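First comes the structure, then the notes that go with it.
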Amino acid sequence: MSNLTPVPRTSILVAALAVSACIANVSPVSAASSSSAGAIHASISAEAGLLQASQTLATPKQTAIDKTKSLLTTFFTDQQLSGILDRLAADVYANKSFKDSSATLITSGGLTASQLLILAKLSSGSGSGVPLTKVNAVLARHFEPYYKKISQQILAMKKSGKSQSECAKQVHVMVAGYLTKANVTPILKDVKAGLTSSEWQYVRLHGASLLLWSKYGL
């Protein structure tokens, strides 16, 4: 037995340091190193679990905001989109028509001076029409049928005794559900198709941030 070469304790420390620098302060005894490594693994697993839980617990409104920014437009801030979604839910709950709701829906988000300037340029047209009016007409043609579908479901919820907050949550759920690439693609293609060549170039130049044209190859 005396001829056996003992295992260097430093090798245990090197292995422990490879797992985490914080293990450098623990005892070089292998049992202690194993315990520390287990604690670190548990800590990492706990953090991963918390991250997954936070993603899972995203509210329907935040999901709608995130999908709006990833699939439709980055023109608005999260706070502005939150205000727009709140106004939309309130309008639907109040049984307002799509026309009445859409008339003030965008401005309810509290637009900045630079945002208003972009919209003003688009409204002024390119000399061959009013591009923003045409864009809005296409958007309305696509969105109005779904607005009516949302309104019908919210009306049924109200009749069944659901609260306004429950109805608002369902509005956000339905908005998020509508926002898919399959739904947005034909909308933006129809916008382009509804404009003359010069109007499209004007919209593309002055409204580059209004809708995510390039995401759909436009």
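The values are calculated or read from the model by the stated rules, or taken from the named source; none is laboratory data. Nothing here was measured: the structure is a model prediction, and the numbers come from that model. All Cβ positions, even for glycine, are placed from backbone atoms using ideal geometry, and neighbour counts span all protein chains on display. Just so you know, the surface numbers come from the protein's heavy atoms only, side chains and all, with ligands and any DNA or RNA stripped out. Shrake-Rupley method; radii C 1.70, N 1.55, O 1.52, S 1.80 Å.
Counting only residues that are of a type in the set (Gly, Ala, Ser) and open to solvent by 60 Å² or more (accessible area, probe 1.4 Å), how many does region 160-197 have? I'd like the intermediate steps shown before the answer.
Let us first name the residues in region 160-197 that are of a type in the set (Gly, Ala, Ser), namely 160-161, 163, 165, 168, 176-177, 182, 193-194, 197.
Restricting the remaining residues to those that are open to solvent by 60 Å² or more (accessible area, probe 1.4 Å) gives 160-161, 165, 182, 193, 197.
Counting residues in region 160-197 that are of a type in the set (Gly, Ala, Ser) and open to solvent by 60 Å² or more (accessible area, probe 1.4 Å) gives 6.
What are the residues in region 155-177 that are over 18 Å from Thr59 (Cβ atoms) and either touching a strand residue (DSSP E or B) at 6+ places or on another chain (Cβ under 8 Å) or without any contact (Cβ under 8 Å) to a residue 12 or more places away in the chain (or both), if any?
Residues satisfying the conditions are Ala156, Lys159, Ser160, Gly161.
Does Gln152 qualify as being free of Cβ contacts under 8 Å to residues at least 60 places away in the same chain and open to solvent by 20 Å² or more (accessible area, probe 1.4 Å)?
Taking the combined requirement at face value, the residue satisfies it.
Look through Thr73, Thr133, Thr104 and report the one residue that is more than 17 Å from Leu211 (Cβ to Cβ), of a type in the set (Val, Ile, Thr) and either part of a loop (DSSP other than H, G, I, E, B) or more than 20 Å from the chain's Cα centre (by Cα) (or both).
Details: Thr73 fails: more than 17 Å from Leu211 (Cβ to Cβ); Thr133 fails: more than 17 Å from Leu211 (Cβ to Cβ).
Matching residue, one of Thr73, Thr133, Thr104: Thr104.
So, of the residues in region 201-218 that are open to solvent by 20 Å² or more (accessible area, probe 1.4 Å) and free of Cβ contacts under 8 Å to residues at least 60 places away in the same chain, which turns out to be farthest from the chain's Cα centre (by Cα)?
Leu205
In this structure, is Thr68 surrounded by fewer than 17 Cβ atoms within 10 Å (Cβ to Cβ) and among the polar types (S, T, N, Q)? If you could, list the steps in order and put the result at the bottom.
Values: surrounded by fewer than 17 Cβ atoms within 10 Å (Cβ to Cβ): no; among the polar types (S, T, N, Q): yes.
Criteria not met by Thr68.
Checking Phe75 against (1) open to solvent by 30 Å² or more (accessible area, probe 1.4 Å); (2) closer than 18 Å to Gly207 by Cβ: exactly one of these is not met. Which one?
(1)
Scan Leu218, Leu212 and give me the residue that is outside any helix (DSSP H, G or I), touching a Leu at 6+ places or on another chain (Cβ under 7 Å) and over 15 Å from Thr68 (Cβ atoms). Working first, answer last.
On the way: Leu212 fails: over 15 Å from Thr68 (Cβ atoms).
Answer to the selection: Leu218.
Based on this model, can you work out whether Ser151 counts as modelled with pLDDT under 90 and not in a loop (DSSP other than H, G, I, E, B)?
Considered against the rule, which asks whether it is modelled with pLDDT under 90 and not in a loop (DSSP other than H, G, I, E, B), Ser151 comes out as no.
Within region 84-99, can you find the residues that are surrounded by fewer than 17 Cβ atoms within 10 Å (Cβ to Cβ) and farther than 18 Å from Lys158 by Cβ?
Lys99
Just to verify a result, which residue in region 100-123, among those that are open to solvent by 70 Å² or more (accessible area, probe 1.4 Å) and over 24 Å from Val173 (Cβ atoms), is modelled with the lowest pLDDT?
Thr107
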